[in-house]
Amino acid sequence: MKDRYLVRAVRWEHGWELHIAGAGVTQSRSLSSADRQVRDYLETLYDVDASSVALNIVPELDGLNDVVQHARERSERAAREQREAAAETRRAAKGLRDAGLSVDDTAVVMGVSKGRVSQFLKGSRS
């Protein structure tokens, strides 16, 4: 048995056919159960524990794979940019307060409420 397997998941009327490279084919009703099904199949086939085997289950989605991948990449990029923007906003609020601006003036400069400024400042301490 290998330590990693590529698994092509192909839809059919009762769920998914799981084509395990170099090992065979099994089936599952859903993609959420595919990982467990492949491991069970490998354990039965090779009579070993397959819990540490790396599986790359790739569903065939009739041309939607690229669309899904692009959407995931954009979401990950947006989340990363959101974290960076939040850190920059906290630094800005702290800088304004350190420069002697009141919470009220800091709120006006930043275009947020005084309560939000307080949240930024609390976050900048962690």
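The values are calculated or read from the model by the stated rules, or taken from the named source; none is laboratory data. Predicted model only: the values in this text are computed from it and were never measured. Counting neighbours? That spans all protein chains shown, and the Cβs are built from the backbone with ideal geometry, glycine included. Ligands, DNA and RNA are excluded from the accessible area calculation, which covers all protein heavy atoms including side chains. Shrake-Rupley method; radii C 1.70, N 1.55, O 1.52, S 1.80 Å.
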Checklist entry - How many residues are more than 12 Å from N56 (Cα to Cα), touching a residue at least 12 places away in the same chain (Cβ under 8 Å) and not small (G, A, S) when one looks only at segment 13-30? => result 5
Checklist outcome for this item: Residue pairs qualifying under the 8 Å Cβ cut-off, at least six apart or on distinct chains, with the first in segment 93-109 being touching a residue at least 12 places away in the same chain (Cβ under 8 Å) and open to solvent by 50 Å² or more (accessible area, probe 1.4 Å) and the second being among the small types (G, A, S) and not in a loop (DSSP other than H, G, I, E, B), are K94/S124
Checklist entry - Taking into account only those residues within segment 45-77 that are of a type outside the set (G, A, S) and on the phi > 0 side of the Ramachandran plot, which is modelled with the lowest pLDDT? => result D62
Checklist outcome for this item: Considering residues that are farther than 27 Å from W16 by Cα and loosely packed, with under 10 Cβ neighbours inside 10 Å, the number found within segment 58-77 is 0
Checklist outcome for this item: Of the candidates E73, E17, E60, E43, the one satisfying the condition of being of a type in the set (D, E) and within 30 Å of S124 (Cα to Cα) is E73
Item to check | Residue check, A87 of a type in the set (A, V, I, L, M, F, W, C), over 18 Å from the mean Cα position of the chain (by Cα), under 30 Å from A107 (Cα atoms) and open to solvent by less than 90 Å² (accessible area, probe 1.4 Å) | outcome: yes
Next on the checklist: Just to be sure before I move on: is S33 over 17 Å from the mean Cα position of the chain (by Cα) and not in a helix (DSSP H, G or I) in the structure I sent?
Outcome noted: no
Checklist entry - Are any residues in segment 3-54 over 23 Å from N65 (Cβ atoms), hydroxyl-bearing (S, T, Y) and buried (at least 16 other Cβ atoms within 10 Å of the Cβ), and if so, which ones? => result Y41
Checklist entry - For V112, which of the numbered conditions (1) under 30 Å from W16 (Cβ atoms); (2) among the hydrophobic types (A, V, I, L, M, F, W, C); (3) modelled with pLDDT of 95 or more fails to hold? => result (1)
